[in-house]
Structure formats: C-alpha cells, structure tokens
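A.B. asks: Can you keep this structure in mind? I'll have questions shortly.
The numbers here are math on the coordinates, done by the rules we state, and not lab data. Being a predicted model, the structure only gives us computed values, none of them experimental.
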Amino acid sequence: MKKIGLIILIPLLILILNNVSLPQTFTDFTLPDLENNDVTLSTLIQKGPVMISFWATWCSPCKEELKKMQIIYEKYKEYGFEYLAINTDNQKSIAKVKSYITSQGYTFKVLLDFEKKVIEAYGGKEDEIPYSVLIGKDKTILNTHLGFKSGDEVKIEEEIKAALGIKD
C-alpha cells in the first residue's frame, strides 16, 4: 500500500518542484480596453465561452495568433463566443498597441494588463507568450495553450466549437 502512495506522490512532487502549473480556477477581473472602458470577465462569460489570450507587440507568434483568432472570433461571436486579447506591454506602449490593432482591423476586445496581475492569476508568465485560456460558460478552465504556430488554430477552433456545443 505504501508503494502505491509513493507512486502517486513522486510524480506530483516532481511537477511541483519543476514549477509546472496545475489547472487553474476561474478568476474574475476588470481591465481597461483601448478606450479606457472597463471590461469585466464575469459579465462576458454569461453569454458564452471566453478565450483570453495574453500577448505583446514585440511577440511575433502572438501577432500570428491574433490574425487567426480574428477569423475564428468572427465565425463564432454570434453563438456567444468572446475573444479577449490581453496586452501585457508596459503603459508606455499603449499608442503602439492601439496603432497595431487599428491597422489590422481587429474587431475583438483588446484589454490592457500593465500590472501583469491577470496573466499571473491564470498561471502565465509575461515572457512566455502567447498564452491562452479557454473558459467555459460555467467558469471552468477548458483548455490552455502556450505558444502559437500556424496550424494551432485548427485545434483551438475545435475546442471553441466543443465549448459552444457545435457539432459538425
């Protein structure tokens, strides 16, 4: 019996010692958007699942993800899906963020997390982005993604469709 306990305990200790994040829980937040309007997660999640994606203007994979997510957002927003692109640049970069978002014609909400409190609350690190979290309408964490490469959007879209209850 002691062997079974050790078999379970040792991998858990390895995870903890290696600082691997275990699944997070829902954490509500309110952040400003690009026009300085407050946006609260719990208000948005009442309509349907929300994907939050942490990004920065210096991050090329982040920019690729935003481009692919714009298409997915347009496809599923009528079903209640919301996409929040949470920028983690510093406060001095707000003009750069606004300019980039405007030039790309993105229509999803862009929020500002200058203090890095929200990314930390969801187990992310500002130097390990893009980092995305898909949250179900029931406030459960359904999926997380670290990094982005072309083709990842296929899996992400499948996860969003599952969260919305859309079957092919």
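A.B. asks: Over the chain, what is the relative contact order in percent, taking alpha-carbon pairs closer than 8 angstrom and at least six residues apart?
C.D. replies: Working: 242 pairs, mean separation 47.1, N = 168.
After rounding, I find 28 percent.
A.B. asks: In addition: List the lysines whose Cα sits under 17 Å from the Cα of K98, skipping any in the same chain fewer than 8 residues away.
C.D. replies: Cross-link targets: K63, K67, K109.
A.B. asks: Measure nothing but the geometry: give the 0 to 90° angle between the long axis through the Cα atoms of 2-17 and the longest principal axis through the Cα atoms of the chain, rounded to 10°.
C.D. replies: 30 degrees
A.B. asks: Another question, if that's okay. Give me log10 I(q)/I(0) at q = 0.20 Å⁻¹ for the chain, Debye formula, one equal scatterer per alpha-carbon, no solvent.
C.D. replies: -1.38
A.B. asks: Right, next: Straight-line reach from K75: which aspartates and glutamates fall under 12 Å, measuring Cα to Cα and dropping same-chain residues less than 8 apart?
C.D. replies: Those aspartates and glutamates meeting the cut-off are E157.
A.B. asks: A further question follows. Between 0 and 90 degrees, rounded to the nearest ten: what's the tilt of helix 94-104 against the longest Cα principal axis of the chain?
C.D. replies: Helix 94-104 sits at roughly 80 degrees to that axis.
A.B. asks: Can you give the angle from 0 to 90° between the axis of helix 60-76 and the longest principal axis of the chain, with both taken from C-alpha atoms, to the nearest 10?
C.D. replies: 80 degrees
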